[in-house]
Amino acid sequence: MPAPLASALLDWYDAHARTLPWRAAPGTSAPDPYRVWLSEVMLQQTTVAAVKSYFAEFTRRWPTVTALAEAPEGEVMAAWAGLGYYARARNLLACARVVAARGGVFPDTEDGLRALPGLGAYTAAAVAAIAFGRRAVVVDANVERVVSRLFAVAEPLPGSRPAIRRHADAITPELRAGDFAQAMMDLGATICTPRSPRCLLCPLSASCAARKTGEPERFPVKAAKKPKPQRNGRAFWIARNGAVWLVRRPDKGMLGGMRALPDDGWSAKGDGSGEAPVSGSWEPGGTVAHGFTHFGLDLDLLIYRGNDWAGLGAEQGEWWPVERIDEAGLPTLFAKAARLALVSTGVEA
DNA sequence: TACTCGTGGCC
DNA sequence: TGGCCAAGAGT
């Protein structure tokens, strides 16, 4: 018999669960672990709205974990372009290959899942509970918010995480732990929202300590965050015979493994050098303002008007057809810069 | 532990 | 309109 709180939440979930592409239809058999895993990785720090089209495209191109495991890395990275946190894509493929090597069967325990690339404490618990019916304590940002309100946790995040986990453990039922986790996340996404929580619609309002304070939106308490530095950098548009010079970024670091315009080495730690990859005349092509999580970047685009191609070797990059630039899989920053270049070179209005 | 790592939507 | 926020993981 579940505790009253879990029971009330599951009743609410049975009536109000969101319909999402990676969820099994109500009353049907257990969901496909591949789809659960894929969706959970895509949803890490990413909104449902942003994930939907990527999930549809990935499952269309790679319907099984074995199919994904056989995909070339470049195709997977390009398919992930725009979704952000690109280490996820590398780990996704690495994980798929591990699972494929064991017959395409995911481990069905939390510990087994936790050992896979890209599965941390949250994702391992979520897949164990949702795909395999295991009791696991699933704690994401929604659960942190809901729990910190239910118990009016006064200590600020992230220091309060151990206490929040203990509270979450205490209210997680033995049965339907996967539904319970998804119910907590749906509640956090639709009712117990960061601002202006809709307590009048909440199935747990009678048990909520934060509501009793009259200011539930004050929870979770959070530590002050560091100011974001502002950086300047350059990206370079070098076009020749309808093709543009693209490089592949190193696997480690920002936008790792992604195709990109050459740049001058800007980073979170400092401005770029200003140095161009080839000598000759350059013309300003405009500026892209882009906000990363931990710094802001003003990226000046420079367009090449010279004809000295000697410094561009095939081991450093590739000529990519300008009319197919959308298929290059550029991360959003460079996609914006490419759009600017197309405007200022008159290729596109 | 604290830092790094994207992006788009929201008010 | 700019800071806040999102189904976190890796180091």
| said: If I build a Gaussian network model for chain A, linking alpha-carbon pairs within less than 10 angstrom, which residue out of A:E315, A:E144, A:E283 has the largest mean-square fluctuation? | reply: A:E315
| request: Sort region A:163-294 into rounded, prolate or oblate with this rule: let a ≥ b ≥ c be the square roots of the eigenvalues of the Cα gyration tensor; rounded if a/c is under 1.5, and if a/c is not under 1.5, prolate when a/b is larger than b/c, oblate otherwise. | output: prolate
| remark: Bridge orientation stat for region A:218-319 from DSSP, antiparallel percent rounded to 5, came to 70
| request: State the answer as a single residue: which of A:A3, A:G291, A:L261 lies farthest towards the positive end of the charge dipole of chain A, with beta carbon charges of +1 for Lys and Arg and -1 for Asp and Glu, about the Cα centre. | output: A:A3
| request: Note down the nm distance, to one decimal, between modelled labels 7 Å out along Cα→Cβ at A:K222 and at A:R97. | output: 3.6
| query | Rounded to a whole number, what % of the accessible area of region A:2-218 do carbon and sulfur atoms account for, probe 1.4 Å? | reply | 55
| said: Please give the charge dipole size of chain A, origin at the Cα centre, charges +1 on K and R Cβ atoms and -1 on D and E Cβ atoms. Round to the nearest 20 debye. | reply: 940
| said: Kirkwood Rh over alpha-carbon pairs of region A:230-320, then Stokes-Einstein at 10 °C and 1.306 mPa s: what D in µm² s⁻¹, rounded to an integer? | reply: 116
| field | Relative contact order computed over chain A (Cα-Cα under 8 Å; 6+ residues apart), in percent | value | 15
| said: Test of understanding: in a Gaussian network model of chain A with alpha carbons linked when under 10 Å, which of A:K226, A:K52, A:K252 would top the mean-square fluctuation ranking? | reply: A:K226
| query | Pick from A:T332, A:T66, A:T19: which residue has the top mean-square fluctuation in a GNM of chain A where Cα pairs under 10 Å get a spring? | reply | A:T19
| note | Length gained, A:L20-A:A50, 0.36 nm per residue minus C-alpha separation, equals 9.5 nm
| field | Contact order normalised by residue count of region A:1-121, Cα under 8 Å, 6+ apart, percent | value | 20
| Cα extents of chain A along the three principal axes, largest first (Å) | 76, 49, 34
| field | Among beta bridges that DSSP assigns inside chain A, antiparallel share in %, nearest 5 | value | 70
| request: Treat each spin label as a single point 7 Å out from the Cα along the C-beta direction, and report the A:L175 to A:D108 distance in nm. | output: 1.9
| note | Over region A:124-206, with neighbouring protein chains present, the accessible area per residue in Å² at probe 1.4 Å is 42
| request: Place +1 on the Cβ of every Lys and Arg and -1 on the Cβ of every Asp and Glu in chain A, take the dipole about the Cα centre, and give the residue among A:G346, A:G159, A:V278 whose Cα lies farthest towards its positive end. | output: A:G159
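Dipole of region A:230-345, Cα-centred, from +1 at each Lys and Arg C-beta and -1 at each Asp and Glu C-beta, to the nearest 20 debye?
Using Cβ point charges on Lys, Arg, Asp and Glu, region A:230-345 gives about 200 debye.
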| Virtual spin-label span in nm between A:W309 and A:A87, 7 Å along Cα→Cβ | 3.8
| field | Entries of A:K269/A:K336; A:K252/A:K336; A:K222/A:K252; A:K52/A:K336 with Cα pairs more than 28 Å apart | value | A:K222/A:K252
| task | Could you give the C-alpha radius of gyration of region A:1-73 expressed as a fraction of 2.2 N^0.38 Å, taking N as the number of residues it contains? | result | 1.35
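The values are calculated or read from the model by the stated rules, or taken from the named source; none is laboratory data. On a predicted model such as this, the values are computed, not experimentally measured, just so you know. Here the Cβ is made from the backbone with ideal geometry for all residues, glycine too, and neighbour counts use every protein chain on show. Ligands, DNA and RNA are stripped out before the accessible areas are found, and what is left, the full protein with its side chains, is counted by its heavy atoms. Shrake-Rupley method; radii C 1.70, N 1.55, O 1.52, S 1.80 Å.
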